[in-house]
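The values are calculated or read from the model by the stated rules, or taken from the named source; none is laboratory data. All values reported here derive from a predicted model rather than from experimental measurement. Note: ideal-geometry Cβ built from the backbone for every residue, glycine included; neighbour counts use all protein chains shown. For the accessible areas, the whole protein counts, side chains as well, though only heavy atoms, and no ligand, DNA or RNA atoms are used. Shrake-Rupley method; radii C 1.70, N 1.55, O 1.52, S 1.80 Å.
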Amino acid sequence: SLVMTSITAGLIYYALHHLFVRPMRRVTANLVAFHENPESTARIIEPSKRTDEIGLAERELSDMQRDLVSMLHQKSHLAALGLAVSKINHDLRNLLASSQLLSDQLASVPDPRVQRFAPKLMRSLERAIAFCQSTLSYGKAQEAPPDRRMVQVEPVVREVRESAGVGSDTSIEWINAIERGLTVDADPDQLFRVLLNLVRNAAQALESEKSDLGIARQIRFTGRREGAVTILEISDTGPGIPEKAKAHLFEAFQGSSRDGGTGLGLAIAAELIRAHGGQLNLVDGTIGATFRITIPDRAVELRSLRDARARA
């Protein structure tokens, strides 16, 4: 009996040690090693082929570690980029201030062409200086809250077209299909940044398209009202968005569909539109790429409106 009991106890100990203790020690050692250097891909656990709960725990731990390593690498990239942008903004603001002084002197030149283009140059410089200043003031990734008011859409679109260089002397045809007198409840500077990003992306897509399929190079801008919601659409007849880029289209550093792109433009545009309570979406099933912006009007508090009318 003693011999049989000893043999049975030894077998049970060996089985428990082999099936549970050793795997748990392996997982524990991996957790300790991963904690020491969570950015190293060499510390990610290699899951076994077990089909029980321990095997499931190893596979889930491996997936979690891979996601964490990827996230940490991206955050390190963003931190380094943020520091570089802050340094660039500091010097760029000084250069833009000098350019603004020169543009002020240029505005006094009596030449008609200078008088026509100088105000546009001054507005662009003022917008760039204000943007650099806001970036340095906040010192963080979040955008400033939008200063919303009812804005005429057509003047903003006209300025976007001029800034993007899509004029009548280019090979790109511009089609304007905006409702007459269309307004949007938005921050004009942030709306300008969003539209400029989308129009520049469309122009670059058309310029990079080498194949001649008999399709005219066009950028179409439409705008309409549906109740208390303003809908703007920017479409082009370019090659469209690749399938692999659609999954992360509005994520920084991941949604670029062209060589040399960072994917920041669409990420910034989507963030600005969300701050307005709206959405920026890619419309499927169209020639080229079509982006739709929906911005709802702000809700009006009836009590404050009645008080304002009573005071009036």
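P(r) for the range 149-296, from all Cα pairs and a bin width of 10 Å, is 11, 44, 36, 9, 0 %, short bins first.
The figure for residue 78 is an accessible area of roughly 70 square angstrom, using a 1.4 Å probe on the protein chains alone. Peptides 186-193, 24-31 ranked from most to least packed, by the mean per-residue count of other Cβ atoms within 10 Å: 186-193, 24-31. The residues of the range 149-296 expose, per residue, 50 Å² of accessible area to a 1.4 Å probe. In the complete set of protein chains, residue-level accessible area for residue 162 is approximately 90 Å², probe 1.4 angstrom. For the set 7, 175, 231, 287, the ranking by accessible area, highest first and with no ligand, DNA or RNA atoms included, is 287, 7, 175, 231 under a 1.4 Å probe.
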